[in-house]
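Notes follow once the structure below has been shown.
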Amino acid sequence: MKKWFTDILGSPIMVRRTPFRLGRMLEMVVDPDKGTLIALVTTGRQVIAPVDLGPYSYGRFLVRDPDILLEMDELIRLKTIPSGKRRLFGKKVVTKSGKKLGRVYDLAFEMETLSLIQILVCKRFLYIWDLEKRIIGFKQIHEITEEEIIVKDSCAKQSSRRTTRVKKTSPA
C-alpha cells in the first residue's frame with residue numbers, strides 16, 4: 001500500500017492490543033542509497049527501528065512492545081548517515097546535467113516494505129504558486145547529497161505545468 005508522507009505525518013504509534021500510545025510519527029529517516037527506512041522518529045525525538053514496527057493500519061503505526069523507543073544516539077545505523085542526507089523534505093532536486101527541477105514537496109512510501117518509492121518535486125513561485133510538479137521514482141534518483149538530490153536527466157522531460165496540487169492517490 002502506497003502512502004504519502006504528508007498523509008501519515010502525525011500518525012499515532014500504538015502498542016498492539018492495548019490503548020497505550022507511544023507518541024506520534026514526526027519523521028521517517030531513509031537510507032539515501034537503498035531507499036529503505038532506517039528509523040521512525042517520534043514527537044519525543046526518540047526513534048523506533050523498522051524491525052520493531054508492526055503493520056501500518058487504520059491510520060496508525062503498531063508496535064509489539066512499549067519498550068522499543070530508543071534515543072537517537074542509540075541506533076547505530078542512524079549514526080552512519082550524515083544528518084544532511086537524512087532530511088529529504090524540502091531538498092533541492094537537480095538533474096545530472098544541472099537543470100533545477102524544484103524541491104521535494106512530498107515522499108511516497110510502500111508501507112509493506114517501508115521503502116521510499118517516489119518523490120513529489122515542485123517548482124514554486126514566491127513560495128505560493130506551484131509552477132511545475134513532477135513525480136520521480138526512487139530508481140530515477142542518481143545520488144542524494146547533503147545539499148541536493150541528483151536525478152537522471154530523463155526526469156527533466158516529465159512535468160505537469162499547473163498551479164493546483166497534484167492529486168496523490170493510494171491504491172485501495
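The values are calculated or read from the model by the stated rules, or taken from the named source; none is laboratory data. From a predicted model like this one, the values you see are computed outputs, not experimental measurements. Please note: Cβ atoms are built from the backbone with ideal geometry, for glycine as well, and neighbour counts cover all protein chains shown. SASA here: full protein model, heavy atoms, side chains in, ligands and nucleic acids out. Shrake-Rupley method; radii C 1.70, N 1.55, O 1.52, S 1.80 Å.
Numerical summary
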read-out	value
Scope the range 88-104; condition farther than 14 Å from K133 by Cα, open to solvent by 20 Å² or more (accessible area, probe 1.4 Å), of a type outside the set (A, V, I, L, M, F, W, C) and touching a residue at least 12 places away in the same chain (Cβ under 8 Å); matching residues	K96, S97, K99
In the range 23-49, the residues that are open to solvent by 30 Å² or more (accessible area, probe 1.4 Å) and over 14 Å from the mean Cα position of the chain (by Cα)	R24, T43, G44, R45, Q46
Among the residues listed as V51, V29, the single one being under 27 Å from P82 (Cβ atoms), assigned to a helix (DSSP H, G or I) and not basic (K, R)	V51
K3 vs. criteria open to solvent by less than 80 Å² (accessible area, probe 1.4 Å) and in a helix (DSSP H, G or I)	no
Residue match in the range 21-33 (condition: modelled with pLDDT under 85 and over 21 Å from I135 (Cβ atoms))	no
All strands (runs of 3 or more DSSP E) inside the range 55-159 with 1 or more residues being in contact with a Pro (Cβ under 6 Å, 6 or more places away or on another chain)	60-63, 141-144
